[in-house]
Amino acid sequence: MKKLLLSIFTIACALTSYATEQGDTTVMSLNDIIAMETQSKADYENVNRQRDIWSHTTFLNISYNKTKFSSDEFPSTLHKLSHEYKNDIGVGLQMGHTYNLHKKPIGSVMFIGLDFTWMDFNFNKYKADTIADFTQGEQIKNLPWHNEKMTLGYAMSIGPSLTLYPFATLHSKGADKIRLHFYFHVGYGAEGALIKNVSADKAIKDQWAWAHGLHTAFGGNITWDHIGIGYEFRNDGSLKYKPIDNDFGTNKMKVKENAGRLYLQFRW
């Protein structure tokens, strides 16, 4: 009888010890599961937040322009003039989209893309300038480009770009939104110039000329979430201007137009 009771006690102790050990293991596994689920949820929310930031690839730029309008072929009776004009007022408006060439960033921070700007308007106003050796003969009527003038241009462009999210690896809700964007664009556009107070046929009126040609541009911007600032240098080095009124001839004049553009950017 004693042996039976001793055996039952021994078995009960062993079962209790096993149950306790199993209970501790169960508790540890549950903690691990909770930790893993919490981390998975945080990772999922972080990825979704970054994907939303990465999707802000459409941009609108409103710019203040400093433009130089120059040529070695300004017309005159005696010879062609070389001169440069600096704008008094200049503004611009751009709208386009960045097409990233891969879905996930390289090294979690960098996208290589292609920018397409389908709308690029520029307006510049130039004050009248005095050119001492500008002359007009009795039979020759040259368009007086030194008069007050305004230009309005429209262009489209395309080119490679590089987008960086330098603080993406920190997984900070604020720092994740910082974006650096650098680009080089090649485009084609047309431009019209309105020259004020031109004397023609004993009357004073405004005259138009127009041009078209290739341009290049490079620049960069820094944005936080939906808004940022940037700078671009644009070179229209192959514009060919022609007067609309045949009274001023039909010859084309080569013009260079260089612009520095400081802009406010909106992204979505």
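For residue 244, indicate whether it is touching a residue at least 12 places away in the same chain (Cβ under 8 Å) and of a type in the set (Val, Ile, Thr). Spelling it out, residue 244 is indeed touching a residue at least 12 places away in the same chain (Cβ under 8 Å) and of a type in the set (Val, Ile, Thr). Restricted to region 153-185, and to residues there that are aromatic (Phe, Trp, Tyr) and over 11 Å from the mean Cα position of the chain (by Cα), the residue that is modelled with the highest pLDDT is 154.
Any residue at all in region 123-139 that's at pLDDT 95 or above, of a type in the set (Ser, Thr, Tyr) and closer than 22 Å to residue 219 by Cα? No, because not a single residue in region 123-139 is at pLDDT 95 or above, of a type in the set (Ser, Thr, Tyr) and closer than 22 Å to residue 219 by Cα.
In region 234-255, is there at least one residue being among the aromatic types (Phe, Trp, Tyr) and more than 27 Å from residue 95 (Cβ to Cβ)? Yes, some residue in region 234-255 is among the aromatic types (Phe, Trp, Tyr) and more than 27 Å from residue 95 (Cβ to Cβ). If you filter region 202-249 down to residues that are touching a His at 6+ places or on another chain (Cβ under 9 Å) and assigned to a loop (DSSP other than H, G, I, E, B), you find that the one that is least open to solvent (accessible area, probe 1.4 Å) is 225. Taken over region 57-107, residues that are of a type in the set (Gly, Ala, Ser) and either over 24 Å from the mean Cα position of the chain (by Cα) or open to solvent by 80 Å² or more (accessible area, probe 1.4 Å) (or both) amount to 4.
When region 154-164 is limited to residues that are open to solvent by less than 50 Å² (accessible area, probe 1.4 Å) and in contact with a Leu (Cβ under 8 Å, 6 or more places away or on another chain), the one that is nearest to residue 56 (Cα to Cα) turns out to be 163. Annotation note: Cβ proximity below 7 Å between a residue of region 140-152 that is under 26 Å from residue 94 (Cβ atoms) and among the aliphatic types (A, V, I, L, M) and a residue that is open to solvent by 50 Å² or more (accessible area, probe 1.4 Å) and assigned to a strand (DSSP E or B) (sequence gap 6+ or interchain) occurs for 152/123. Residues that are of a type in the set (Val, Ile, Thr) and at pLDDT 95 or above within region 59-86 comprise 62, 67, listed in sequence order.
The values are calculated or read from the model by the stated rules, or taken from the named source; none is laboratory data. Predicted, not measured: the structure shown is a model, and the values here were computed from it. Positions of Cβ are generated from backbone atoms using ideal geometry, with glycine treated the same way; all protein chains shown enter the neighbour counts. The accessibility values were calculated without ligands, DNA or RNA, using every heavy atom of the protein model including side chains. Shrake-Rupley method; radii C 1.70, N 1.55, O 1.52, S 1.80 Å.
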